[in-house]
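Notes follow the structure.
Derivation of every value follows stated rules applied to the coordinates shown; laboratory data play no part. Every value quoted in this text rests on a predicted model; they were computed, and no experiment measured them. Positions of Cβ are backbone-derived with ideal geometry, glycine not excepted, and every protein chain shown enters the neighbour counts.
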Amino acid sequence: MRFRTAAALTALLCMLAGCASGPSLENRGQVTASPGDSHHLTIGSAGFTESDLLAQLYAQLLDQAGYRTSMLTVANRELYEPALESGQIDVVPEYAATLADWLNAKKHGADAPPAGSPDLAATMKSLRALAAPRGLTVLPPGRAVDQNAFAVRAAYAREHHLKTLSDLGASGLKVRLAAGDECVRRPYCAPGLKKVYGIHITGVDPKGVGTTQAKRAVQEGHDQMVLTTTTDATLDSFGLVLLADDKHLQNADYIVPVVNRARAGGPRVAKALDRLNDVLTTQDLADMNRQVDSWRRLPADVARTYLKDKGLLK
C-alpha cells in the first residue's frame, strides 16, 4: 500500500527540481551537523511489500515514542537516497550490503570494487564510512536479513538428500537456474554457485528474481532451482524449499534503519527503533510478507498486530 500526502508529494517534487536545502554531499561537502531530533519525521518506503511493512513498523514505534510521523513512498533508490540526505525523508529501512555498494558506486563509480560483503561487521564499517559524509547515520542492524537465496522443489531435495548448496554441488546434478538475466555475470549468482559450491549450472532461464513464472518453472520441473530471497513467503505454495548458503556466498543484507543525522540522528530515535532489533527475525519478516501478499492484509495492520504481539506497542 502506498502512502502519499499532498505535502509530501510537494516536498518530493521540490527535491527533484533541485530546491532542497539539506546537506547533500555533492552540494555541501563534509557534513558536521550535530545529531538532530525533529518532532515530525517522514518515514520513507521503497514501495514494495517488505519496505512498506518495515516503514510501518518504524512509524508506529516512533509514534509511540512521541514523534509525529508521515509516510512517503519513493520506489527508486536514485530518488529516495538524495531525499534522505536533504531531509525530505528522515528515516528509511535499508539493506546493509546493498546500500553500501550503492553509495560506494555513487562515490567511486560503477566499476568500483564492492563495499558490501558476507561479513556483517566489515559491511557495516564500510557503510557507515560512506554514509556519514552525506549526513546519514546508519543505526544498528537487527537479526532479520533479506538476502538472495536459492530454492528447489521439496521432492527434489528429498530425493537427492539436499539441505545446503554444498550438498547440491557435491551431488554433481545438472542445474538449470531460473533467475534474472544478470545472473549469468553476477558473482553471487551463477558464477559464484560454480566457483564457491561447484554446482553444475547448465544455463540461466531469464524469468526474474523470485517471480511467479520463475517459481512455477521449478515447480513444474522445467528448471531445477530458482533465485529468490530469504524472506520469500510464497515458497510453500509452490512446493519449494531453500537450500542453505552454508559457505556464505551472499552479502550481509541485514535490515538497518538509516536516518538523516541533522533531523533524526538523536538517541531517542535510535532507542525507539532498536526495540525492533531485539525481536524481528527473518522468519517474522517472511510471515508478515505472506500476510500482505497472500492474505491481502494492509501493511499498517500487519505491523500493528506484530508489534502488539511482541509487547512493543500498547
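For L120, the shell of other residues with beta-carbons less than 13 Å away shows a net charge of +1, using +1 for Lys and Arg and -1 for Asp and Glu.
Mean separation of Cα pairs under 8 Å and 6 or more residues apart, divided by the residue count, gives segment 42-86 a relative contact order of 48 percent. Each residue, H160 and E220, gets one label point 7 Å from its Cα in the Cβ direction; the gap between the two is 2.0 nm. Rounded, prolate or oblate: which fits segment 141-215 when a ≥ b ≥ c are the square roots of the eigenvalues of the alpha-carbon gyration tensor, with rounded for a/c under 1.5 and prolate only if a/b beats b/c? Taking the square roots of the gyration eigenvalues as a ≥ b ≥ c, segment 141-215 is rounded. Each Cα pair under 8 Å and six or more residues apart adds its separation to the average, and for the chain the resulting relative contact order is 26 percent. Scaling against 2.2 N^0.38 Å puts the C-alpha radius of gyration of segment 198-314 at 1.35. For chymotrypsin sites (Phe, Trp or Tyr not before Pro), the sites in segment 225-314 that DSSP calls loop and that have at most 12 other Cβ atoms within 10 Å are W295. Taking the DSSP bridge list for the chain and keeping only pairs wholly inside it, about 55 percent are antiparallel.
A compact globular protein would have a Cα radius of gyration near 2.2 N^0.38 Å; the ratio found for segment 21-152 is 1.07. The Rg/Rh ratio for segment 133-279, using Cα coordinates for both the radius of gyration and the Kirkwood hydrodynamic radius, is 1.09.
Normalising the average separation of contacting C-alpha pairs (under 8 angstrom, six or more residues apart) by the number of residues puts the relative contact order of segment 197-245 at 30 percent. Our analysis of the chain gives Rg over Rh at 0.99, with the two radii drawn from alpha carbon positions and Rh computed by the Kirkwood formula. Rounded to the nearest 20 debye, the dipole size of the chain about its Cα centre is 280 debye, using +1 on the Cβ of Lys and Arg and -1 on the Cβ of Asp and Glu.
In this Cβ point-charge picture (+1 for Lys and Arg, -1 for Asp and Glu), segment 156-228 has a dipole of about 120 debye about its Cα centre. Along the axis of the charge dipole computed for segment 112-251 (Cβ charges of +1 for Lys and Arg, -1 for Asp and Glu, origin at the Cα centre), the listed residues V175, A112, G221 are led at the positive end by A112.
Ranking I255, H160, L240 by how far each Cα lies toward the positive end of the dipole of the chain (charges on Cβ) leaves I255 at the top. Both numbers refer to the Cα atoms of segment 137-178; Rg and Dmax are 15.2, 48 Å.
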